[in-house]
Amino acid sequence: MAQSTRIRPSVPHALDTQTVLPSPDRAPHVPPPADPHESAHQVLNRRYAELLQEVRIGQTCVQYLASFLMALAFMPRFADITAQQRGMYVTALITTLLAAALLTSPAPFHRVVFGRRLKARLVVMSNRLTLAGLLLLVVALGCALMLVLDVVGITAGPYIGIATLTGFVVIWFGLPLWCRLRHSARDEN
């Protein structure tokens with residue numbers, strides 16, 4: 001007998017609601033779904049999938065930056081950099097690798113808690129780790145930019161680097177926070 005291709009909305013079970021949704025004192029509130037037929041578990045699955053899609057952009061950026069910084073140490077001119085430039089390099093390299101660790105953390109976190117009914121905790125923690133990773137990526141990009149500008153002899157390098165860092169922080173964090181505060185949570189899920 002052929003199966004029906006009609007999509008049926010899933011009915012949330014009492015067990016799903018109790019085990020999937022975090023309690024208010026332990027984790028942030030999970031807003032109601034945009035689709036009335038979407039269960040709490042489906043909301044969490046969708047949010048985790050969206051987060052993973054967004055993280056891919058940061059992961060690509062951090063991979064390119066890490067490869068650039070690691071290759072830099074093997075360049076002949078690297079031995080001639082000053083102690084200050086070496087400090088910027090080490091700071092850029094460490095923050096890049098920490099950003100890589102944080103931006104890739106949702107996958108191993110998922111593997112460790114898989115099957116333990118901790119999806120809500122996974123989504124919340126993955127979001128926090130991703131935000132921390134993006135913040136470290138901003139620092140890494142700023143340090144790498146200041147290093148390159150200093151090596152090529154741009155005396156305004158630190159000012160350009162700080163202006164660039166400020167621009168990243170405003171665009172990546174300030175603008176979304178401003179929109180979040182300005183518009184209500186019910187506008188869009």
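The values are calculated or read from the model by the stated rules, or taken from the named source; none is laboratory data. Just so it is clear, the model here is predicted, and its values are computed rather than measured. Don't worry about glycine lacking a Cβ; one is built from the backbone with ideal geometry, like all the others, and counts go over all protein chains shown. Calculation scope for accessible area: heavy atoms of the full protein, side chains included, ligands and nucleic acids excluded. Shrake-Rupley method; radii C 1.70, N 1.55, O 1.52, S 1.80 Å.
Structure data summary
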quantity: Trypsin sites (Lys or Arg not before Pro) restricted to region 93-162 and DSSP loop, no more than 16 other C-beta within 10 Å; calculated: R116, R117
quantity: Per DSSP, loop chymotrypsin sites (Phe, Trp or Tyr not before Pro) in region 36-105 with at most 10 further Cβ within 10 Å; calculated: F74
quantity: Sequence of S105, S67 from largest to smallest accessible area, 1.4 Å probe; calculated: S67, S105
quantity: Apportionment of accessible area to carbon and sulfur, region 52-189, percent (1.4 Å); calculated: 69
quantity: Chymotrypsin sites (Phe, Trp or Tyr not before Pro) restricted to DSSP loop in region 114-189 with at most 14 other C-beta within 10 Å; calculated: F114
quantity: Region 40-83 - accessible surface per residue (Å², probe 1.4 Å); calculated: 65
